[in-house]
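Here is the structure we will look at.
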Amino acid sequence: MHSFFRYLRDHDGVAGSSVARELGVSWHRERRLIELGVLDRPAHRVLRSTTFPETWKQRCRLATMGPGNGVISHAAAIRLHDLEGCDDDDRVHLLCRKGSWPGAPGDIVTHFTRGLSEDDVVEIDGIPVLSVPSTLALLRAHASESATARALISALRKGWSVTEIQRVAQRWQSRGRPGPSFVIQALDRAQREVSASGVNRSKHLVSS
């Protein structure tokens, strides 16, 4: 039991029933803890400690634990990657493969795609999250131009290369999808201006 509650402490107060079994909590003990109000069950085979504060990060973790193998995306991914631009956006965005039925608990903005690959997903504290380049490529559809530009600048300052961001954006580019084109055009414009004047690319992104 101590191992299970340590796990909850380190994972925003939530765990899957399979983890509970691995850490010695039987189904009967789980049910008893729920009856006592120590745990609740926000989704099928998902447990949450009632003593742990309900946080935005907990909502993100819970969203990925439902059916559908979704990953945190868009503005929520920007925040988890600790990039600028979406600090005031409390929505939880979940990206799932088309044909899945996520059924995630809580207020979730769900998106579907056929383009998601394993290379697009990273883990942050055990939460599956869309990678920085893929997040930037898709962000504009659900965030303002200024927020997307700030996130892009922040990624560049953290060491992400223009080449990598452009390559991933080109892969996501398709008719009617504004995000990749916005990122590609912003980077192309910045590179042209840097070549012409030698001024830092981030300053040009801000002023454009």
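FYI, it's all coordinate maths here, none of it is from the lab. Remember, it's a predicted structure, so these values are computed and weren't measured experimentally. Neighbour counts are summed over all protein chains in view; Cβ atoms, including those assigned to glycine, are modelled from backbone coordinates with ideal geometry.
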**Asked** Sequence-distant or interchain residues sharing an amide H contact under 5 Å with VAL92, placed H: which?
**Response** VAL109
**Message:** Residue by residue through segment 146-163, what is 3J(HN,Hα) from phi via Karplus (6.51 cos²θ - 1.76 cosθ + 1.60, θ = phi - 60°)? Round to whole Hz and write x for glycine and proline.
**Reply:** 5, 5, 5, 5, 5, 5, 5, 4, 4, 5, 5, 5, 7, x, 5, 7, 4, 4
**Asked** For SER161 and ARG189 in one chain, what is 0.36 nm times their gap in residues minus the Cα-Cα distance, to one decimal in nm?
**Response** 8.6 nm
**Item:** Taking all pairs of distinct alpha-carbon atoms in the chain, Kirkwood radius in angstrom
**Value:** 18.5 Å
**Fill in**
So the FRET efficiency between ARG31 and PHE112, C-beta based with R0 = 41 Å and rounded to 0.05, is 0.75
**Request:** For segment 2-49, calculate the relative contact order in percent as a whole number, restricting contacts to Cα pairs under 8 Å that are 6 or more residues apart.
**Result:** 40 percent
**Message:** Please give the Cα centre distance for segment 14-83 versus segment 108-172, rounded to the nearest Å.
**Reply:** 25 Å
**Asked** Among LEU136, LEU83, which comes first, then next, by fewest other beta-carbon atoms within 10 Å?
**Response** LEU83, LEU136
**Item:** Fewest-first ranking of ILE165, ILE78, ILE124, using other Cβ atoms within 10 Å as the exposure measure
**Value:** ILE124, ILE165, ILE78
**Request:** Please list the non-local residues whose amide H lies under 5 Å from the amide H of LEU39, H modeled 1.01 Å from N, same-chain partners needing a gap of 5 or more.
**Result:** ILE34, THR50
**Message:** With +1 assigned to the C-beta of every Lys and Arg and -1 to the C-beta of every Asp and Glu, and no other charges, what is the dipole magnitude of segment 40-155 about the Cα centre in debye, to the nearest 20?
**Reply:** 480 debye
**Request:** Calculate one ³J(HN,Hα) per residue across segment 136-141 by plugging θ = phi - 60° into the Karplus curve 6.51 cos²θ - 1.76 cosθ + 1.60, and present them in order as whole Hz with x for glycine and proline.
**Result:** 4, 5, 9, 5, 4, 5
**Request:** Quick one: order ARG167, ARG59, ARG114 by neighbouring beta-carbon count within 10 Å, fewest to most.
**Result:** ARG114, ARG167, ARG59
**Message:** Using Cα-Cα distances under 8 Å and only pairs 6 or more residues apart, what relative contact order does segment 1-85 have, in percent?
**Reply:** 26 percent
**Message:** Explain nothing, just the number: relative contact order of the chain, from Cα pairs under 8 Å at least 6 residues apart, as a whole percent.
**Reply:** 15 percent
